[in-house]
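Single-structure report; data block below.
The values are calculated or read from the model by the stated rules, or taken from the named source; none is laboratory data. None of these values were measured; they are calculated from a predicted model. When we count neighbours, we look across all protein chains shown, and the Cβ atoms used for this are built from the backbone with ideal geometry, even at glycine. In case anyone asks, the SASA skips ligands and DNA or RNA and just uses the protein heavy atoms, side chains included. Shrake-Rupley method; radii C 1.70, N 1.55, O 1.52, S 1.80 Å.
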Amino acid sequence: MTKKTRWIQSALAALALLGSLAAQATTTTLRLTTEVSPPFNMLEGEKIVGRATDQVVEMLARVKVGFTMELLPWARAYNMALKEADTCVFTTTRTPEREALFKWVGPVGAAEWILYGSAERGLKLQNIEEARSLLIGTYNGDARDEYFRSRGFRVESVSDDLSNPRKLLLNRIDLWAASLVRGALLISQNGWSEQIVPVLSFHKVDLYLACNPSVPTPLIDKLNATLQGMVRDGTTKTLEKKYARWPLPPI
């Protein structure tokens with residue numbers, strides 16, 4: 001065996017060892033963060049459940065990845081995934097502004113965005129551009145807040161989304177931007193159905209599990225492939241049926 005051959009074999013052995021160590025270092029436990037947002041994520045007793053939560057849990061079980069899960073205020077949940085290794089947040093709207101910030105798994109849901117207004121004022125909008133002169137209430141750190149700010153609309157954000165309908169009723173804002181399901185739920189729970197009404201449906205989005213870039217790409221690919229398999233074998237549809245009690249109200 002020549003000296004050159006021995007050198008090549010040693011180099012290949014070193015590369016193999018590095019590959020083995022990298023494989024051992026692959027993430028086996030993920031930290032998941034989410035918020036209370038029925039029917040996608042919510043607390044049932046002491047357990048976090050929901051249309052998106054159940055999909056994520058099933059997906060991780062199939063790829064045999066351990067995880068922890070926390071319910072947090074949205075801005076905190078989002079920022080943890082943005083800054084902390086091996087952390088993922090859901091359900092997250094995938095936007096051009098966020099694309100390079102995360103690695104994406106999904107979609108695990110979909111949402112329709114609505115502008116709500118005071119029934120007493122009777123605002124009528126044909127399109128989103130007609131809202132440019134109006135003050136829009138948003139939820140801090142939410143994709144709708146980013147959407148309007150990036151387009152130069154007048155926006156006032158709050159740290160608790162329940163504050164927005166209250167401000168709307170006090171005429172402190174002109175419109176409230178919310179998802180169809182989230183908005184309808186808050187309105188129904190607080191007896192505001194006669195006072196707050198949908199004014200305009202203006203956007204539809206898919207929702208994802210957004211992971212910190214430190215999460216290995218092979219794991220992200222495996223999770224996406226597993227989710228596609230769940231769609232094909234009917235698991236996703238079965239899980240969604242569990243939450244049929246949360247129908248989308250009509251516009």
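Candidates in the stretch 169-188 are the residues that are part of a loop (DSSP other than H, G, I, E, B) and among the hydrophobic types (A, V, I, L, M, F, W, C); of these, the one that is surrounded by the fewest Cβ atoms within 10 Å (Cβ to Cβ) is Leu170.
So, in the stretch 71-86, exactly how many residues are closer than 19 Å to Ser214 by Cβ, open to solvent by 30 Å² or more (accessible area, probe 1.4 Å) and not in a loop (DSSP other than H, G, I, E, B)? It would help to see each step written out before you state the result.
Keep residues of the stretch 71-86 that are closer than 19 Å to Ser214 by Cβ, which gives 76-86.
Next, from what is left, pick out any that are open to solvent by 30 Å² or more (accessible area, probe 1.4 Å): 76, 79, 82-86.
When the remaining residues are screened for being not in a loop (DSSP other than H, G, I, E, B), the result is 76, 79, 82-83.
Counting residues in the stretch 71-86 that are closer than 19 Å to Ser214 by Cβ, open to solvent by 30 Å² or more (accessible area, probe 1.4 Å) and not in a loop (DSSP other than H, G, I, E, B) gives 4.
Scanning the stretch 210-221 for residues that are under 21 Å from Gly109 (Cα atoms) and surrounded by fewer than 17 Cβ atoms within 10 Å (Cβ to Cβ) yields one hit, Asp221.
Can you tell which of Ser133, Ser118 is farther than 30 Å from Thr28 by Cβ and either open to solvent by 20 Å² or more (accessible area, probe 1.4 Å) or in contact with a Cys (Cβ under 6 Å, 6 or more places away or on another chain) (or both)? Sole residue among the options that is farther than 30 Å from Thr28 by Cβ and either open to solvent by 20 Å² or more (accessible area, probe 1.4 Å) or in contact with a Cys (Cβ under 6 Å, 6 or more places away or on another chain) (or both): Ser133. Scanning the stretch 210-234 for residues that are under 28 Å from Glu146 (Cβ atoms) and outside any helix (DSSP H, G or I) returns Ala210, Cys211, Asn212, Pro213, Ser214, Val215, Pro216. I'd like to know if the stretch 114-125 contains one or more residues that are among the hydrophobic types (A, V, I, L, M, F, W, C), at pLDDT 95 or above and under 22 Å from Glu35 (Cα atoms). There is at least one residue in the stretch 114-125 that is among the hydrophobic types (A, V, I, L, M, F, W, C), at pLDDT 95 or above and under 22 Å from Glu35 (Cα atoms).
Of all the listed residues (Glu130, Glu112, Glu146, Glu120), the sole one being charged (D, E, K, R) and under 17 Å from Arg98 (Cα atoms) is Glu146.
Conditions tested, residue by residue: (1) open to solvent by less than 50 Å² (accessible area, probe 1.4 Å); (2) over 20 Å from Thr238 (Cα atoms); (3) modelled with pLDDT under 90; (4) part of a helix (DSSP H, G or I).
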{"site": "Arg6", "(1), (2), (3), (4)": "no, yes, yes, yes"}
{"site": "Leu12", "(1), (2), (3), (4)": "no, yes, yes, yes"}
{"site": "Ala23", "(1), (2), (3), (4)": "no, yes, yes, yes"}
{"site": "Ala52", "(1), (2), (3), (4)": "yes, no, no, yes"}
{"site": "Met69", "(1), (2), (3), (4)": "yes, yes, no, no"}
{"site": "Cys88", "(1), (2), (3), (4)": "yes, yes, no, no"}
{"site": "Thr91", "(1), (2), (3), (4)": "yes, no, no, no"}
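Taking first residues from the stretch 117-146 that are of a type in the set (Ser, Thr, Tyr) and partners that are in a loop (DSSP other than H, G, I, E, B) and surrounded by 15 or more Cβ atoms within 10 Å (Cβ to Cβ), the Cβ contacts under 7 Å between residues at least 6 apart in sequence or on separate chains come to Tyr139/Asp161. Among the residues of the stretch 189-209, the ones that are touching a residue at least 12 places away in the same chain (Cβ under 8 Å), surrounded by fewer than 15 Cβ atoms within 10 Å (Cβ to Cβ) and not in a strand (DSSP E or B) come to 3 in all. Restricting to the stretch 144-168, what's the tally of residues that are surrounded by fewer than 20 Cβ atoms within 10 Å (Cβ to Cβ), part of a helix (DSSP H, G or I) and either basic (Lys, Arg) or in contact with an Asp or Glu (Cβ under 9 Å, 6 or more places away or on another chain) (or both)? Within the stretch 144-168, residues that are surrounded by fewer than 20 Cβ atoms within 10 Å (Cβ to Cβ), part of a helix (DSSP H, G or I) and either basic (Lys, Arg) or in contact with an Asp or Glu (Cβ under 9 Å, 6 or more places away or on another chain) (or both) number 5.
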